[in-house]
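Okay, so here's the structure we're looking at.
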Amino acid sequence: MKIFPTQIETYLNCPRKYHFGRDPELRKKYFKSSPHLVLGNAVHDALQYFFDITKVKIPDRTYETLCDLLRDAWGGRGLFARNSWKQKRAREEAFGDDRETEKAWGQKGLNILYRFFNTQDISAVPLTAEQFHELRLTDGVILGGKVDRIDRLEDGSLVVIDYKTGKPPRQRDQDEIAEKDLQLAAYALLVARKFRGKVSRCSYLYLNDELEVGYEPDDDLLSRKEAQLTEICTRMVKAWDDDDFPATPNPLCGWCDFREICAEGQEYQKQRDAAVGAQSDLPF
Ligand code: SF4
């Protein structure tokens, strides 16, 4: 069974949501794109091609090139023409006929890239960008994941970067992130094993805030994370054997694509909305 770090995160948040998300029919019916998703995917795609030396030579790495790549990725055209049907559908779901809103989100993407262009090393040549990597975690589990970017430093060590277009966490303490984080640790593990090298740093790069948040994963930390990931993945495999995916209502129910078919999530959200409504004493 193949398990991705994002699925682990979803499973830990709510096993029912993870289960729904693995069903292609339910996904097709209920999963909806959003402005955030369109923006995030287009920015990732633009950066992937921007740093691909076979597609954009270093002298051609200008801000205008980056903007063109974003527009092409957004519209599913040019280098991204293979995605044209998928992008058309994603844009329709996210914006409908509202061209003004789509324009505002597109501008947001251009602004993110402007900050990126002016603050990051744009002559870097990553080892890989937006590539899938896999690792056999147990006899029955392959841990797989798409790593946004891997750089190799002069000393031979590897740096793992995960781009984020959303808001950074309130908690930015490096040690606490290293202790709690599983996603970056999973990527670091994948990279360390695949390239048989030392990962000197793994980090989230919050593009909108020009903020890098990460840690140095030493061997001891990676071993602990591997044990933790193995334990959770083993639980996930057992959940499939036992068909045991309880709903665990939580504050993210409000954004869950499957709430329409989840009685527990609906009830939780109803109570939450009522509590928020009761607190509100607006005079208008
Ligand atoms: S609505 Fe809430 S409880 Fe239901 S599946 Fe989604 S996250 Fe889980």
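Throughout, read-outs are computed from the coordinates displayed, never taken from laboratory work. All values derive from a computational prediction rather than experimental measurement. Positions of Cβ are generated from backbone atoms using ideal geometry, with glycine treated the same way; all protein chains shown enter the neighbour counts.
Structure data summary
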quantity	calculated
Sparse-neighbourhood loop sites, chymotrypsin sites (Phe, Trp or Tyr not before Pro) in region 184-231 - DSSP loop, at most 11 other Cβ within 10 angstrom	none
Qualifying trypsin sites (Lys or Arg not before Pro) in region 1-58, DSSP loop, other Cβ atoms within 10 Å at most 15	ARG22, LYS32, LYS55, LYS57
Contact order normalised by residue count of the chain, Cα under 8 Å, 6+ apart, percent	20
Quotient of Cα Rg and 2.2 N^0.38 Å for region 95-196, N being how many residues it contains	1.35
Where GluC sites (Glu not before Pro) in DSSP loops with at most 16 other Cβ within 10 Å are excluded, longest remaining stretch of the chain	1-153
Rounded, prolate or oblate (a/c below 1.5 giving rounded, otherwise prolate when a/b exceeds b/c) for region 41-155 by Cα gyration tensor	oblate
Square roots of five times the Cα gyration tensor eigenvalues for the chain, Å	31, 28, 19
Viscosity 1.567 mPa s, temperature 4 °C, Stokes-Einstein D of region 146-284 from Kirkwood C-alpha radius, µm²/s	71
Mean-position separation - Cα centroids, region 238-256 and region 182-213, in angstrom	27
Mean separation of Cα contacts under 8 Å, 6 or more apart, over the residue count of region 10-108: relative contact order %	28
Distance from region 58-95 to region 8-23 (C-alpha centre basis), Å	30
